[in-house]
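Please treat every number below as a calculation from the coordinates, not as lab data. None of these values were measured; they are calculated from a predicted model. Positions of Cβ are generated from backbone atoms using ideal geometry, with glycine treated the same way; all protein chains shown enter the neighbour counts.
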Amino acid sequence: MSRLDGRHVLVLTTNYGTEERELRDPVAVLREAGARVTVAAQEEKPVQTVVSDRRPGAEVRPDARLADVGAEGFDAVVVPGGTVNADTLRTDEDARRLVAAFAAAGKPVASICHGPWLLADAGLLPGRELTSYPSMRPDLSGAGGRWVDREVVVDTDGPFPLITSRRPDDLDAFSAAVVEAVRDAAAA
């Protein structure tokens, strides 16, 4: 795995309902690769994750609030899923502002499972190929995306690299693709 020393990645979440592994695993892989990772939530209180949207998962202490961060100083953004997290995050003005800023700056935007709802609400999907949890296909296609059923989709044909995956079972491929996108962006 390529080293990401000096790279800084932002992870966006609400304070309740984020799928535990979709938050934990990419953060761990990015840190292991040498990246600095900042988890930003709506509030300073701990993030209560969930397992399969039903059972309580681990609590994660955020490093910052969504309202207090910007795309400057970061090399990529990651949006985990969890149905409640994603449905809440998509209505958050700060979250929409942040993903739009990363996209406008040409920086990698990565999202898994239900997380692409935020990208749809931020207007980032027209003409882009992506995947997600299968039930979201109509929503993402309706937002202009070209939905495909693959473990991970890396779309570099637009103004920013877009990395998406379907579900927690795809986390190894998703995390590896995020590391590669951050590495490639740093080399550009």
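Using the Cα gyration tensor of the chain, with a ≥ b ≥ c the square roots of its eigenvalues, what is the shape: rounded (a/c below 1.5), prolate (a/b larger than b/c) or oblate (neither)? In terms of gyration-tensor shape, rounded.
Largest GNM mean-square fluctuation among 54, 137, 65, using the chain with Cα springs under 10 Å: 54. Stretching residue 176 away from residue 72 to a fully extended chain increases their span by 35.1 nm, per 0.36 nm per residue minus the current alpha-carbon distance.
Would you please classify the overall shape of the stretch 125-188 from the alpha carbon gyration tensor, given that a ≥ b ≥ c denote the square roots of the eigenvalues, rounded means a/c under 1.5, and beyond that prolate means a/b larger than b/c while oblate covers the rest? It is oblate, given that a/c is not under 1.5 and a/b is not larger than b/c. What share of the DSSP beta bridges in the stretch 8-187 is antiparallel, in percent to the nearest 5? Once the DSSP bridges in the stretch 8-187 are tallied, antiparallel ones form about 25 percent. The HN-Hα couplings worked out from phi for the stretch 113-119 by the Karplus form 6.51 cos²θ - 1.76 cosθ + 1.60 (θ = phi - 60°) are 6, 8, x, x, 3, 4, 5 Hz, whole numbers, x standing for Gly and Pro. The dipole here belongs to the stretch 98-188: it is taken about the Cα centre, uses +1 on the Cβ of Lys and Arg and -1 on the Cβ of Asp and Glu, and is about 160 debye.
So what's the back-of-envelope 222 nm ellipticity for the chain, counting only DSSP H runs of four-plus at -39500 (n - 2.57) apiece and dividing by all residues, rounded to 500?
Only helices count here, giving -9500 deg cm²/dmol.
Separation between the residue 43 and residue 31 pseudo-spin-labels, each 7 Å from Cα along Cα→Cβ, expressed in nm? For the pair residue 43/residue 31, the computed spacing is 2.4 nm. Extension gain for residue 135-residue 53 works out to 28.1 nm (0.36 nm per residue, less the C-alpha to C-alpha distance).
When only the Cβ of Lys, Arg, Asp and Glu is charged (+1, +1, -1, -1), the dipole of the stretch 8-187 relative to its Cα centre reaches about 80 debye.
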